[in-house]
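One structure below.
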Amino acid sequence: MSLANLTPFTPYPYVGRHIACPLCGGDRATVVATMDRRLKKLTSLCCDGCGLVRTDPMPDDAELDAYYSGEYRQDYQLAAALPSARHIGVSRREAGQRLALLAPHLKAGARVMDFGSGSGEFVKAAKDAGYDAVGVEPGTTFATFARAEYGVEIVSGRHEDIDFPAGSLDAITAHHVIEHLRDPVAALARFAGWLAEGGVAYIAVPDITRSGKPTFERFHFAHLYNFSPETLEMAAAKAGLEPDPRLVRDGTTVVFRKTARPRAWAVTPGVAERVKAALPDVSVAGHVLTGAWLRPMFKRAAKWRRQVKDAKA
């Protein structure tokens, strides 16, 4: 990993460009953070119109490709090139939970696509459950691992570079993926087009408003967008999706279905103000000097050790 991504209190090595909000199209925004969890300089804006939070300036495609091909796993996940036993153990547990949620609403042999399939644990679980499962993974190393380790079908590429026939998928899942995309609304619209009638789309993203962390610790270069429950639902509505009433929503983990009839969507009043209120200005120096970061650090370390132990067991 390059020193440019390790050195605190310096910007990330990219240029990017200023963009309008991809959700509401507005260009008025409020700065809610100027640092991220690595103590790197990173400006995050909250759209004054709809409340969607985005990185500013926004990296371009070439800059993102360079980051994800060379820095992402180590910088964001502190992971090696190949998935660790801990990573696989955590991923298997999450995959089982996700599949258990969706299975009652899937027919036998349903065509299931996991977008951002990583090392392939969900695709493997869905295949073992009798579904026609495929993964989409832009990271070539993890995609290669999934094919070799599990014998599953993985399509390599970004959502802009791949396509499925309209109405060909019974279920699409994207677990903590769309916040990494330059245009998450466009990705959700493609998902809606690929879904069959009665199909479902499981979308999970971090909730920027519910974290107990100081504001700056909620951000990282890998997360180009940060959602609240309202902004996720608005993005889905613009893309032609609506929450499936058969499944209980859990904050920013939602199972959507295709909107029955095309309809206009609108910004939910007051969202921007609520999002900004949930992101108070926190002094990085004050946080460090008071030692408030020590307890969370030890808790994360303990959780990491438990996960490693579970993986070995």
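Read the figures in this text as sums done on the coordinates, not as results from a lab. All values derive from a computational prediction rather than experimental measurement. When we count neighbours, we look across all protein chains shown, and the Cβ atoms used for this are built from the backbone with ideal geometry, even at glycine.
Strictly over 22 Å apart at the Cα level, which of Lys238/Lys258; Lys107/Lys238; Lys107/Lys258 would you flag in this model?
Details: Lys238/Lys258 11 Å; Lys107/Lys238 28 Å; Lys107/Lys258 17 Å.
Table pairs above 22 Å Cα-Cα are Lys107/Lys238.
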Two-site label geometry, Arg37 and Glu160: point separation in nm, points 7 Å out along Cα→Cβ: 2.6 nm
Residues whose built amide H sits under 5 Å from the amide H of Ala33, excluding neighbours closer than 5 in sequence, are Ser44
GNM top mover of Leu289, Leu82, Leu102 - the chain, alpha-carbon springs below 10 Å: Leu289
In the Gaussian network model of the chain, springs joining C-alpha atoms below 10 Å, which of Lys124, Lys41, Lys107 carries the largest mean-square fluctuation? Lys107
Looking at the chain, send over the antiparallel percent of its DSSP beta bridges, to the nearest 5. 50 percent
Cysteines without a disulfide-compatible partner in the chain, using Cβ under 4.7 Å as the rule? Cys46
Hey, fewest Cβ within 10 Å first, where do Arg93, Arg263 land in order? Arg263, Arg93
Residue-ordered couplings for the stretch 214-226, obtained by feeding phi - 60° into the Karplus form 6.51 cos²θ - 1.76 cosθ + 1.60 and rounding to whole Hz (Gly and Pro as x), are x, 3, 5, 6, 8, 10, 7, 3, 5, 8, 6, 10, 10
For a quick check, take a GNM of the chain with Cα springs below 10 Å and name the residue from Tyr67, Tyr225, Tyr12 with the largest mean-square fluctuation. Tyr12
What nm distance separates the two modelled labels at Thr30 and Asp48, each placed 7 Å from Cα along Cα→Cβ? 1.0 nm
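Sorting Val200, Val248, Val90, Val185 on the 10 Å Cβ count, fewest up front, what's the list?
Values: Val200 25, Val248 11, Val90 16, Val185 21.
Listed from fewest to most nearby Cβ atoms, that is Val248, Val90, Val185, Val200.
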So, R0 is 30 Å and r is the distance between the beta-carbons of Asp310 and Val248; what FRET efficiency does that work out to, to 0.05? 0.65
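From the Cα gyration tensor of the stretch 115-232, with a ≥ b ≥ c the square roots of its eigenvalues, which class applies: rounded if a/c is under 1.5, or else prolate if a/b is larger than b/c, or else oblate?
Prolate is the answer for the stretch 115-232, as a/c is 1.5 or above and a/b outweighs b/c.
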How large is the helix-only mean residue ellipticity at 222 nm for the chain, computed as the sum of -39500 (n - 2.57) over DSSP H runs with n ≥ 4, divided by its residue count, in deg cm²/dmol to the nearest 500? -10500 deg cm²/dmol
Residues whose built amide H sits under 5 Å from the amide H of Ser211, excluding neighbours closer than 5 in sequence, are none
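Quick one: grab the alpha carbon gyration tensor of the stretch 190-244, order the square roots of its eigenvalues as a ≥ b ≥ c, and give me rounded if a/c is under 1.5, else prolate or oblate depending on whether a/b is larger than b/c. Please list the in-between numbers first.
Values: a/c = 3.00, a/b = 2.41, b/c = 1.25.
Prolate.
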So how far apart, in nm, are the two label points at Lys107 and Ser69 if each is 7 Å from Cα heading toward Cβ? 4.1 nm
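Within a Cβ distance under 14 Å of Ser228, other residues only, what is the Lys/Arg minus Asp/Glu net charge? Could you put the intermediate results ahead of the total?
Details: positive: Arg54, Arg210, Arg218, Arg249, Arg274, Lys276; negative: Glu179, Asp207, Glu230, Glu233, Asp250, Glu273.
Residues near Ser228 contribute 0 overall.
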